[in-house]
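To keep things clear, I will list the structure first and then write my remarks on it.
Computed from the coordinates by the stated procedures, all read-outs in this text should not be read as laboratory data. No experiment lies behind these values; they were computed from the predicted model shown. With ideal geometry, Cβ positions are generated from the backbone for all residues, glycine too; neighbour counts draw on all protein chains shown.
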Amino acid sequence: MALVVQKYGGTSVADIEKIENVARRVIDIKEAGNEVVVVVSAMAGETDRLVNLAHSISEKPDPREYDALVSTGEQVTVSLLSMTLNKMGYKAKSFSGHQIKIVTDQSHTKARILSVNTEMITDELEKGTIAVVAGFQGIDMENNITTLGRGGSDTTAVALAAALQAEICEIYTDVDGVYTTDPSLCPKAKKLKKISYDEMLEMTSAGAKVLHPRSVELAKKYEVPVHVRSSFNKDEGTLVTKEDEEMEKVVVSGVTYDRDQAKVTVIHVPDKPGIAARLFTPLSDQNIVVDMIIQNASIENYTDMTFTVPRKDIDDVRKILKIAAKDMEAERVEFDENISKISIVGVGMKSHAGVASRMFAALANEGINIMMISTSEIKISCVIEAKYTELAVMALHDAFGLEKE
Ligand code: ADP
Ligand code: ASP
Ligand code: MG
């Protein structure tokens, strides 16, 4: 008997009919002789509705109350799915994050899971019950409800799969796997049979929203095989797994875009030891993730620093930098929210030359200007003007021949 963790996203539980479809799939796995833990998201659109409600009261709602509110969407779907399974003749029990003690840190709205207590779930599984767990939520050490960030139910599922040593974590969504690029943007996108943890991690952190980045980090750390597939058909999806030789033969596996970043430039900063720390420490103290960073060559002991931050954090960044820039005697700070980050990802880059120049040439051919560049061993990212996002994705998808077998 194997233990399988399945996660169903918002579109898969959007109405009662779809929840019945999910219940039938869960029952199939159970009937095949497995123990099943199901993680569900809120019904499609529900989390957005709750977020909007919170923002109709305040531009910056209290984070504790915000989490208490937006976590309720998942509470609805766990009970509806359990009731449906009961009606179909199966024992099922719903659990919220605090009932099974998914303990997180205290960063409301983007909390990280610290530990998971599996006792209640294993007790139920032993009795033959299907455990249905609310995704996206946890509690901190002081019993406050926390949420894991948008898309965080994937992370709940992988964390449970790791803690329960599940054979597989299946992520059911509205696409039938991980594609070479977002299929909703590029019709030529092709489904990948498998992808390495590192590539998937780079793709999600570069904006591919098919998985929550933290879920891939956990999957890699605990070697949980993750199968991304559709809840609307029986096709094999994409396996996220350890790197193998075959994967290295492919130079570029995917193209991603991230429209949720903003560019910040601190202009004319005295170039002396400690300025980078003085600039970035107050941002990290507020849990603001700084991504690409460029420091210009210094001219007459002054320099400019440019970096990107999540656009949702821009108001906080403005406040923090107002103080930091004054403290550092910088001339001024400029913000550009009209940008997008385009990335190419592939483990094959490690052993192939000329990948970056091919990327730059493809963008240049379309007349797209590159504002910032950053590279890692298996990723190259460029910041461009937001209006060129689709064009850049298509051009790079063509340039690296991703539509071909
Ligand atoms: P769920 O609600 O099931 O968690 P999400 O909307 O979070 O689903 O994730 C699925 C979506 O991710 C797809 O509909 C697709 O538009 C988007 N996506 C972005 N990049 C990719 C990619 N490379 N492969 C597959 N889907 C992608
Ligand atoms: N319901 C949450 C969201 O919409 C979490 C998730 O779906 O993974 O972001
Ligand atoms: Mg998702």
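So the values come out like this:
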| read-out | value |
| --- | --- |
| Note, ³J(HN,Hα) from phi for the stretch 154-169, Karplus 6.51, -1.76, 1.60, rounded to Hz, x at Gly and Pro | 4, 5, 4, 5, 5, 4, 5, 4, 5, 5, 8, 6, 5, 6, 8, 10 |
| Cα-centred dipole magnitude for the chain, charges only on beta-carbon of K, R (+1) and D, E (-1), debye, nearest 20 | 320 debye |
| Least to most buried among MET359, MET371, MET88, MET305 (fewest other Cβ within 10 Å first) | MET88, MET371, MET305, MET359 |
| Extension gain from GLU243 to ASP260, taking 0.36 nm per residue of separation minus the Cα-Cα distance | 3.2 nm |
| Under the Karplus curve 6.51 cos²θ - 1.76 cosθ + 1.60, θ = phi - 60°, whole-Hz ³J(HN,Hα) for the stretch 266-276, x wherever Gly or Pro sits | 9, 9, 6, 9, x, 8, 9, x, x, 5, 5 |
| Listed residue pairs exceeding 32 Å between alpha carbons, taken from LYS191/LYS350; LYS18/LYS194; LYS87/LYS194; LYS30/LYS194; LYS87/LYS234; LYS87/LYS220 | LYS87/LYS194; LYS87/LYS220 |
| Taking LYS127, LYS312 and counting other C-beta atoms within 10 Å, the order from fewest to most | LYS127, LYS312 |
| Cβ crowding within 10 Å averaged over residues, with 324-330, 298-304 ranked highest first | 324-330, 298-304 |
| Among the listed pairs LYS60/LYS221; LYS209/LYS319; LYS60/LYS110; LYS209/LYS379, those beyond 24 Å (Cα-Cα) | LYS60/LYS221; LYS209/LYS319 |
| Charge tally in the Cβ shell below 11 Å around VAL345, where Lys, Arg are +1 and Asp, Glu are -1, VAL345 excluded | -3 |
| Cut-off 15 Å, label 7 Å out along Cα→Cβ of ASP62, residues of the stretch 68-107 by amide N | 68-70 |
